[in-house]
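Comments concern the structure below.
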Amino acid sequence: MRLVLASTSPQRREIFALLGLPFDVIDPEFDEVASPDRPIKDEALDFAVGKAASVARNHPESLVIGSDTMILLDDTKIGKPSGIDDARAILRSLAGKTHLIFTSIAILDGSRVPQLGIVEEVSVKMRNYSEEEVDRYLDCQESLDKAGAYSIQGEGRALIESISGDYLAAVGLPLKPIAGYLKSRGVSVPVDVEKLYADKGFRNWRSF
């Protein structure tokens, strides 16, 4: 059975490859239109379904995986920064506080009806870092394409005090539910996912 990851994210591609399965990557044709009033879990899941559906309609023979990541600070949704000034403002707002990461997964097949739809929640406590630390971090140029303006698997690790939840969900793609679903469809997953999680074999994972 052909597997397709509907994503433009290099992080998701790298994580999915940890399963040791052959797969293709196709950019989804889906516009994310966020609403400040809509429940974040509903929105994240709908975005994942939308991404997967935009690819599945042209590849009915495949299992298509879509995913989305959103951040909630208090009652405010935080996405990718619009520029360097926005990234600085986001990082200032996160300092010393706990925020939530919501990462959704939707898997569609030829029926184009979601066969799996879940949302994983991860709690992240940020250090009370200084303005100078923010400026140094922004200089590394990894903020602008990340929700929340930081990369947990990159230099942004230095800004984080602790996390509670699935590390790979925080990065962008939790593998346990995906592997479980694939096995239920008769796909032989060559990697022991429990061991993968125990070994923490991904960037910065072992530092938590």
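Brief remarks follow.
- Any hit, segment 34-56, residues being surrounded by fewer than 19 Cβ atoms within 10 Å (Cβ to Cβ), without any contact (Cβ under 8 Å) to a residue 24 or more places away in the chain, assigned to a loop (DSSP other than H, G, I, E, B) and touching an Asp or Glu at 6+ places or on another chain (Cβ under 7 Å): yes
- In a residue-by-residue description of segment 108-120, the property of being within 15 Å of I71 (Cα to Cα), surrounded by fewer than 22 Cβ atoms within 10 Å (Cβ to Cβ) and among the β-branched types (V, I, T) applies to at least one position.
- Residues located in segment 68-82, provided they are on the phi < 0 side of the Ramachandran plot, loosely packed, with under 13 Cβ neighbours inside 10 Å and part of a loop (DSSP other than H, G, I, E, B): D75, S82
- Any chance D31 is surrounded by fewer than 20 Cβ atoms within 10 Å (Cβ to Cβ), within 26 Å of L175 (Cβ to Cβ), of a type in the set (D, E) and under 18 Å from the mean Cα position of the chain (by Cα): no
- The residue list L159, L168, L144, L173 contains one member that is touching a residue at least 12 places away in the same chain (Cβ under 8 Å), under 27 Å from F47 (Cβ atoms) and surrounded by fewer than 16 Cβ atoms within 10 Å (Cβ to Cβ), which is L144.
- Some residue of segment 180-193 being under 19 Å from S93 (Cα atoms) and in contact with a strand residue (DSSP E or B) (Cβ under 7 Å, 6 or more places away or on another chain): no
- Near pairs, Cβ below 7 angstrom, 6+ apart or cross-chain, from segment 188-205 (under 24 Å from P10 (Cβ atoms)) to any residue that is at pLDDT 95 or above and small (G, A, S): V189/A179; P190/G20; V191/G20; V193/A179
- Qualifying residue in segment 121-141 (condition: of a type in the set (G, A, S), in contact (Cβ under 8 Å) with a residue 40 or more places away in the chain and either touching a Pro at 6+ places or on another chain (Cβ under 9 Å) or part of a helix (DSSP H, G or I) (or both)): no
The values are calculated or read from the model by the stated rules, or taken from the named source; none is laboratory data. Not measured: the values here are computed from a predicted model. With ideal geometry, Cβ positions are generated from the backbone for all residues, glycine too; neighbour counts draw on all protein chains shown.
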